[in-house]
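The values are calculated or read from the model by the stated rules, or taken from the named source; none is laboratory data. Note that the coordinates shown come from a computational prediction; the quantities given were computed from them, not determined experimentally. For neighbour counting, all protein chains shown are included, and Cβ atoms are generated from backbone atoms with ideal geometry for every residue, glycine included.
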Amino acid sequence: MAKRIAVMLAEGFEEIETVTVVDILRRAGGRVSLISLFDNTESVKGSRGVYFVPDSGISVLSDADFDAIVLPGGLPGTTNLHADKTVKDTLLRMNSDGKLIASICAATSILADYGITSGKNATSHPAFKEQTDINDTIYSDERVVVDGNIVTSRSPGTAMEFAFALVEQLYGSEMVEKVNAGVLARL
């Protein structure tokens, strides 16, 4: 059965972290939805000036049952995600339900601030170590960290490893091998 995955799009998102995750999860059969912070499907500008067109507006987070949510980093994308009440409520609800929550780069600081990584191992871009290493988060310098239902990663340079870690959590190691047979990533 296809897993439903929400990938959040906020003005100033990191493009590599977003497109890599969407691509790899779709190759694995995931029903990935790019979700804008607004209730429209107008294009959203990334941190490097690339525009992505979302599949849905933010109200879908309340209406749909997602198996996972992914927060790309980037600035000011992370700041914009952090300021959104629907994102916060969704993260807290999904964490309470034990669903997969993933963040990369600066976005892990959001999970730490909300206490989602409390008592868990997590990582972020080194520039956000101080913001991530709060609320009893156990900060790691690893490129990708999986701790229970939380998957975190460091930067655009770790996006492929991060995406495959998500595939493994959602579909298992056999699917990682299957998808990577066509991608040929170094894992």
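A few remarks follow.
- All told, residue 20 meets the bar of being in contact (Cβ under 8 Å) with a residue 60 or more places away in the chain, hydroxyl-bearing (Ser, Thr, Tyr), within 22 Å of residue 174 (Cα to Cα) and not in a strand (DSSP E or B).
- Residue count for the stretch 25-43 under the criterion of being surrounded by 19 or more Cβ atoms within 10 Å (Cβ to Cβ) and in a helix (DSSP H, G or I): the result is 1.
- Set 12, 49: member being touching a residue at least 60 places away in the same chain (Cβ under 8 Å), assigned to a loop (DSSP other than H, G, I, E, B) and over 24 Å from residue 178 (Cα atoms): 12
- Selected residue [at pLDDT 95 or above, closer than 18 Å to residue 5 by Cβ and of a type outside the set (Lys, Arg)] from 119, 115, 98: 98
- Count of the stretch 52-84 residues which are assigned to a helix (DSSP H, G or I) and either within 24 Å of residue 124 (Cα to Cα) or touching a residue at least 24 places away in the same chain (Cβ under 8 Å) (or both): 9
- Hits in the stretch 70-84 - residues which are surrounded by fewer than 22 Cβ atoms within 10 Å (Cβ to Cβ) and either under 26 Å from residue 29 (Cα atoms) or touching a Gly at 6+ places or on another chain (Cβ under 9 Å) (or both): 75, 76, 79, 80
- Just so you know, in the stretch 87-124 the residues that are among the polar types (S, T, N, Q) and in contact with a helix residue (DSSP H, G or I) (Cβ under 6 Å, 6 or more places away or on another chain) include one that is surrounded by the fewest Cβ atoms within 10 Å (Cβ to Cβ), and it is 90.
- Helices (runs of 4 or more DSSP H) within the stretch 85-187 that include 3 or more residues of a type outside the set (D, E, K, R), closer than 16 Å to residue 22 by Cα and touching a residue at least 40 places away in the same chain (Cβ under 8 Å): 159-171, 173-183
- Top-ranked residue of the stretch 23-81 - restricted to ones that are of a type in the set (S, T, N, Q) and within 14 Å of the chain's Cα centre (by Cα), ranked as farthest from residue 102 (Cα to Cα): 36
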